[in-house]
Amino acid sequence: MSKIKKSFLLLTVLVTVIIVSGYTKTKSVEKKAKTTKVLENDVNKTINFFVTHGHCSTPFVGAINDLKVDYPVRLDLGNPLENMVISFEVDPNSFNVSRAKELTPRIKTPGLFIGENNEKITFKSTNVYTMGLDWYQVNGKMSIKGVEKEVKLFVTGIRKPNEKIASSLVLDGQVNLFDWGIDYDLIVNEKSDNVPTKWLYLNMKIELI
């Protein structure tokens, strides 16, 4: 009987050790999985925009003051950036029309993108949806002239065959200027168009280095 009790006690201790060991290991993995990498990249300094009006378009660039990409370090085989958070600020006073310098004053017309208080254009993601491998829909809030609206952008990850995570991202999308009450034609040309200019396109390459 004594041997049975000792065996039972030994088995109980062994099971307890296994459970505690497994719990500790799980907590350790979870802790590592929650580790985040925050990127503040000085290499990424500009973002591309263009507005379309009629048969032509006006491309221009803006200076990025702050760019952050925050994503958990994954230990499994899932999409590595599906929980990322992206945020950035753009100074509309820095806008510059690259192909026609004389159009720069138009893009910097007061009331178009530059508000009375010189607010930055800001974006911060709120939700990310995986569309495919290294392809994401990024929903977030964009503020223009201090007015915040929900927008939807897309991010594509670019990686070399031997890389486990994308070394660069391409962010792009379009937003409706009417959502901010911006009549481009009225502000720039002092006359609303029958076919209004309402789409602002944006594109940015982000180097994750």
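The values are calculated or read from the model by the stated rules, or taken from the named source; none is laboratory data. Note that the coordinates shown come from a computational prediction; the quantities given were computed from them, not determined experimentally. Cβ atoms come from the backbone with ideal geometry, glycine included; neighbour counts cover every protein chain shown. Accessible surface areas use protein heavy atoms only, side chains included; no ligands, DNA or RNA. Shrake-Rupley method; radii C 1.70, N 1.55, O 1.52, S 1.80 Å.
Give me the Å³ per residue figure for the convex hull around the C-alpha atoms of the stretch 102-153.
Numbers: hull volume 5.0 nm³, N = 52.
Convex hull of Cα atoms, per residue: 96 Å³.
Taking one equal scatterer on every alpha-carbon of the stretch 103-209, how large is log10 of I(q)/I(0) by Debye at q = 0.17, 0.18, 0.19, 0.20 1/Å? For the stretch 103-209, the Cα-only Debye profile gives -0.87, -0.94, -1.00, -1.06. Computed with every protein chain present, the accessible area of Asp193 is close to 80 Å² [probe 1.4 Å]. On the basis of the beta-carbon distance and an R0 of 35 Å, Glu116 and Thr46 show a calculated FRET efficiency of 0.85.
Calculated on the Cα set of the stretch 130-175, radius of gyration then Dmax: 13.4, 43 Å.
With a 1.4 Å probe and every protein chain kept in, tell me what percent of the accessible surface of the stretch 59-209 is carbon plus sulfur. Don't skip to the end; give the middle numbers.
Working: 3910 of 7950 Å².
Taking all protein chains in place, the stretch 59-209 shows 49 percent carbon and sulfur surface.
Could you calculate the contour length gain from Lys124 to Gln137, that is, 0.36 nm times the residue separation minus the distance between their Cα atoms, to one decimal place in nm?
On the way: separation 13, 0.36 × 13 = 4.68 nm, distance 1.33 nm.
Computed gain between Lys124 and Gln137 is 3.4 nm.
Charged neighbours of Lys124, selected by a Cβ distance under 10 Å, balance to 0 (K, R count +1; D, E count -1). At each listed q (0.19 Å⁻¹), what is the log10 of I(q)/I(0) that the Debye formula gives for the stretch 66-147 modelled as equal alpha-carbon point scatterers? Cα-only, vacuum Debye calculation for the stretch 66-147: -0.86. Using the Cβ of Val51 as centre and a radius below 11 Å, the other residues enclosed give a net charge of +1, where K and R count +1 and D and E count -1.
To the nearest 0.05, what FRET efficiency results for Glu148 and Thr109 with a Förster distance of 22 Å applied to their C-beta separation?
Working: r = 22 Å, r/R0 = 0.99.
It comes to 0.50.
Protection proxy ranking, highest mean first, for peptides 57-69, 110-122: 57-69, 110-122, where packing is the per-residue count of other beta-carbon atoms within 10 Å, averaged.
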